[in-house]
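> Encoded as structure tokens, here's the structure I'll be asking about.
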Amino acid sequence: MSIGFEVLAREGAARRGRLATAHGSVDTPVFMPVGTAGTVKAMTPEGVAATGARIVLGNTYHLMLRPGAERVAALGGLHRFMHWAHSILTDSGGFQVMSLAARRAIAETGVTFRSHLDGSLYELTPERSIEIQHLLGSDITLALDECTPFPSPPEAVESSMELSMRWAERSRRAFVDRPGHGIFGIVQGGIHPELRLRSAARLTDVGFDGYAVGGLAIGEGQETTFAVLDATVPALPEGRPRYLMGVGKPADLAGAVARGIDMFDCVLPTRSGRTAQAFTRQGVVNLRNARYADDPTPLDLECRCPACTGYSRAYLHHLSRAGEILGSMLLTTHNLQYYADLTSAMRSAIEAGSFASLAAGFASLA
Ligand SMILES: [Zn+2]
């Protein structure tokens with residue numbers, strides 16, 4: 001048994017399910033906080049877990065450069081290193097190599113690049129990416145893919161997708177099956193339904209423990225993202241988890257869950273928390289705004305997080321204006337609580353058969 005997944009309830013294409021990994025169970029739909037470099041920025045692991053999160057994402061690219069996968073392994077693996085007892089999903093490094101690394105060169109074997117930290121040379125092949133994720137001790141490993149820039153000519157998208165599919169096969173072969181651990185393939189193909197379908201078929205033939213949809217939310221717009229999901233998701237195996245990478249805003253999550261997506265990650269709630277943007281049940285609040293300077297009310301009356309139960313909007317405004325670290329900590333806590341509550345509400349709604357009306361409410365907030 002790799003990782004377990006069962007669908008517990010359905011409403012239309014929306015699924016309420018449960019993942020089981022070596023580090024416990026995860027209720028889906030789930031939002032995974034991004035723990036880039038072995039930490040969810042501005043949060044303690046205890047604080048992340050207190051929001052209800054039972055899985056976080058780690059970035060292979062960042063961890064391979066610093067502190068190094070072999071060092072993390074020698075120190076007992078990423079769970080012990082970052083003091084996180086629950087599940088960890090790691091990306092393959094492909095996305096950050098394309099977006100952060102200097103002087104990268106892509107070949108059939110893999111990608112060579114220079115570190116954005118010190119310029120030193122690295123090679124990331126599918127086999128090395130899987131080895132790094134194994135050294136980290138990741139519960140869910142991602143196949144190495146090439147993230148096609150958007151926009152790109154259709155021929156470039158096609159050849160990029162084909163390369164990613166060959167890398168996916170090599171990634172699957174390199175992955176060491178062990179109980180509680182699994183590997184996801186990543187569907188590519190840009191905004192072209194026929195390429196997406198070909199990619200989904202190739203991955204399904206190889207056989208993965210779950211299926212990610214990559215290469216979206218990079219500027220194509222929500223309507224196009226949803227159209228790609230409409231074409232792609234029905235081609236993915238029904239009994240395996242589906243993960244939409246790098247998404248998104250609350251309305252994006254609602255629309256994607258309605259189309260059968262189970263898992264998400266995005267820097268939005270954590271990054272916004274460090275720039276004084278808060279997600280609330282009344283919409284996005286910019287706490288730097290002068291209108292909050294004398295506001296004694298909580299950020300979100302219905303939220304039970306420490307930021308909302310202990311502090312006023314006026315104090316959070318003061319912290320953000322003064323550049324105090326506590327402002328980032330409290331607002332990140334709140335935003336992660338908001339996303340945890342959002343996905344929890346989705347799960348309850350799917351069970352109750354009221355998801356469609358919940359999703360419509362989020363669409364109107366966007
Ligand atoms: Zn709150």
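The values are calculated or read from the model by the stated rules, or taken from the named source; none is laboratory data. What you are looking at is a predicted structure, and each value in this text was computed from that prediction instead of being measured. Here the Cβ is made from the backbone with ideal geometry for all residues, glycine too, and neighbour counts use every protein chain on show. Note: accessible area is taken over every heavy atom of the protein model, side chains too, but ligands, DNA and RNA are not part of it. Shrake-Rupley method; radii C 1.70, N 1.55, O 1.52, S 1.80 Å.
> Quickly run through the stretch 269-278 and pick out the residues that are open to solvent by 20 Å² or more (accessible area, probe 1.4 Å) and in contact with a helix residue (DSSP H, G or I) (Cβ under 8 Å, 6 or more places away or on another chain).
274, 277
> Follow-up question, since we're still on this one. Restricting to the stretch 313-350, name every residue that is polar (S, T, N, Q), crowded, with 16+ Cβ neighbours inside 10 Å and farther than 16 Å from residue 281 by Cα.
Hits for the stretch 313-350 are 320, 328.
> Please go through the stretch 292-312 and give me each residue that is more than 8 Å from the ligand (Cβ to nearest atom) and surrounded by fewer than 22 Cβ atoms within 10 Å (Cβ to Cβ), ordered by number.
293, 294, 295, 296, 297, 301, 302, 310, 311, 312 - these are the residues of the stretch 292-312 that are more than 8 Å from the ligand (Cβ to nearest atom) and surrounded by fewer than 22 Cβ atoms within 10 Å (Cβ to Cβ).
> Could you list, in sequence order, the residues of the stretch 96-124 that are assigned to a loop (DSSP other than H, G, I, E, B) and open to solvent by 20 Å² or more (accessible area, probe 1.4 Å)?
Taking the stretch 96-124 and keeping what is assigned to a loop (DSSP other than H, G, I, E, B), we get 101, 107-110, 115-120.
Selection gives 107, 108, 109, 116, 117, 118, 119, 120.
> All but one of (1) at positive phi; (2) more than 16 Å from the ligand (Cβ to nearest atom); (3) in contact with a strand residue (DSSP E or B) (Cβ under 9 Å, 6 or more places away or on another chain) hold for residue 276, so report the exception by its number.
Condition (2) is where residue 276 drops out.
> Any idea which of 45, 126 is more than 30 Å from residue 305 (Cβ to Cβ) and of a type outside the set (A, V, I, L, M)?
Residue meeting the stated conditions: 126.
> Out of the strands (runs of 3 or more DSSP E) lying entirely within the stretch 1-95, which hold 2 or more residues that are among the hydrophobic types (A, V, I, L, M, F, W, C)? Give the steps one after another, and end with the answer.
On the way: elements: 4-11, 14-21, 24-28, 30-32, 55-58, 87-90.
Passing ranges, in order: 4-11, 14-21, 30-32, 55-58, 87-90.
> Could you grab the pairs with beta carbons closer than 8 Å, sequence gap of 6+ or different chains, first residue in the stretch 81-92 and farther than 13 Å from residue 23 by Cβ, second one at pLDDT 95 or above and open to solvent by 50 Å² or more (accessible area, probe 1.4 Å)?
Cβ pairs passing all conditions: 81/75.
> Somewhere in the stretch 327-348, is a residue more than 13 Å from the ligand (Cβ to nearest atom) and either assigned to a loop (DSSP other than H, G, I, E, B) or touching a strand residue (DSSP E or B) at 6+ places or on another chain (Cβ under 7 Å) (or both)? Working first, answer last.
Of the stretch 327-348, the ones more than 13 Å from the ligand (Cβ to nearest atom) are 327-328, 343-348.
Checking the rest, the ones that are also either assigned to a loop (DSSP other than H, G, I, E, B) or touching a strand residue (DSSP E or B) at 6+ places or on another chain (Cβ under 7 Å) (or both) come to 343, 347.
Within the stretch 327-348, one or more residues are more than 13 Å from the ligand (Cβ to nearest atom) and either assigned to a loop (DSSP other than H, G, I, E, B) or touching a strand residue (DSSP E or B) at 6+ places or on another chain (Cβ under 7 Å) (or both).
> Ok, one more. Tell me which residues, restricted to the stretch 194-231, are on the phi > 0 side of the Ramachandran plot and surrounded by fewer than 16 Cβ atoms within 10 Å (Cβ to Cβ).
If the condition is that a residue be on the phi > 0 side of the Ramachandran plot and surrounded by fewer than 16 Cβ atoms within 10 Å (Cβ to Cβ), then 207, 219, 221 are the ones that fit.
> Let me confirm something: among 70, 6, which residue is at pLDDT 95 or above, closer than 18 Å to residue 241 by Cβ and loosely packed, with under 15 Cβ neighbours inside 10 Å? Even if it seems obvious, please write down each step before you answer.
Values: 70 fails: closer than 18 Å to residue 241 by Cβ.
Within the list 70, 6, the selection yields 6.
> Follow-up. How about the stretch 125-152: which of its residues are over 20 Å from residue 108 (Cα atoms) and either more than 24 Å from the chain's Cα centre (by Cα) or open to solvent by less than 10 Å² (accessible area, probe 1.4 Å) (or both)?
Those that are over 20 Å from residue 108 (Cα atoms) and either more than 24 Å from the chain's Cα centre (by Cα) or open to solvent by less than 10 Å² (accessible area, probe 1.4 Å) (or both): 133, 136, 138, 139, 140, 141.
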